[in-house]
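These notes are about the structure you will find just below.
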Amino acid sequence: MILNNTKIILASASPRRKELLEGLGIDFEVIPSNVDESFSSELNPKLVPEYLAELKANSLKALYPDSTIISADTIVLTGNEILNKPANKNEAIEMLQKLSGKMHLVITGVCILVNETKYLFSDTTEVYFKVLDKNEIEYYVEKFKPYDKAGAYGVQEWIGYIAVEKIIGSFYNVMGLPVNKVYEILNSIK
């Protein structure tokens, strides 16, 4: 898939996003965005992923104006609390304890910049966790070190196998990129 003969850039260091985009058979280059990902506490938590995705895409569009930029940001939301990437082992354990036995939302915001057109959207998936015991949580954190994952877990890893009881929405969204929606947009661009 070639978009108007432009280079496609994935503005993300996430190996999972890279893998998912590769699965679409798209030629692209990975150039992570190095923007400050802070946001106002006044911002509705459900809008944070789109805000950050747009911030990342805009930072690279200035450097690569003739390229198509794809950026994304994923959060885990439990109640009104955003669970970002854990800073350390204790924070990862705390996050998984908060998710244990409950439903949470995984929201991925995506921004695609093509020429002067911006496609900005988000996808939301409900994820239901079984009750996890302390040993399961500690084993997962110790073995998989999920410090680069929102909510301190990767659905495609061991914890996903044993904890996820039900998912309503896109599985790939939980991994970090709603590839079906990204494909629809890219395929619609002429």
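Give the cross-link partners of LYS143 among the aspartates and glutamates, using a straight C-alpha distance below 13 Å as the criterion and excluding same-chain residues fewer than 8 apart. Within the straight-line limit of under 13 Å, LYS143 reaches these aspartates and glutamates: GLU157. Over 23 Å apart at the Cα level, from the set LYS56/LYS98; LYS18/LYS181; LYS18/LYS102, are LYS56/LYS98; LYS18/LYS102.
Residues considered: LYS143, LYS89, LYS98. Largest GNM mean-square fluctuation over the chain, using C-alpha springs under 10 Å, is found at LYS143. Note on segment 1-120: with charges restricted to the Cβ of Lys and Arg (+1) and Asp and Glu (-1), its dipole about the Cα centre is near 280 debye.
Using just its DSSP H runs of length 4 or more, each adding -39500 (n - 2.57), the chain gives a mean residue ellipticity at 222 nm of -10000 deg cm²/dmol after division by all residues. With each label modelled as a point 7 angstrom along the Cα→C-beta vector, the LEU24-GLU37 pair spans 2.0 nm.
Computed over segment 8-188, the range of Cα coordinates on each principal axis works out to 51, 36, 26 Å, biggest value leading. Within segment 100-190, which GluC sites (Glu not before Pro) sit in a loop by DSSP and count at most 15 neighbouring Cβ atoms inside 10 Å? Listed in order of number, the matching sites are GLU116, GLU157. Taking the centroid of alpha carbons for each part, segment 103-157 and segment 1-79 are 15 Å apart.
You can think of it this way: the chain between ASN115 and GLU184 has 23.1 nm of extra reach, that is 0.36 nm per residue less the Cα-Cα gap. Here LYS46 is the anchor, and the aspartates and glutamates within straight C-alpha reach of less than 18 Å, apart from those fewer than 8 places off in the same chain, are GLU37, GLU54, ASP73, GLU81, ASP123, GLU126. Any lysines with Cα under 17 Å of the LYS145 Cα? List them, leaving off those in the same chain fewer than 8 positions away. The qualifying lysines are LYS85, LYS89, LYS134. Relative to the longest principal axis of the Cα atoms of the chain, helix 179-188 runs at roughly 10 degrees.
Values in this text are rule-based calculations from the coordinates and carry no lab data. Worth saying up front: this structure is predicted, and the values here are computed from it rather than measured. Methodologically, a virtual Cβ is constructed for each residue, glycine included, from the backbone with ideal geometry; neighbour enumeration extends over all protein chains shown.
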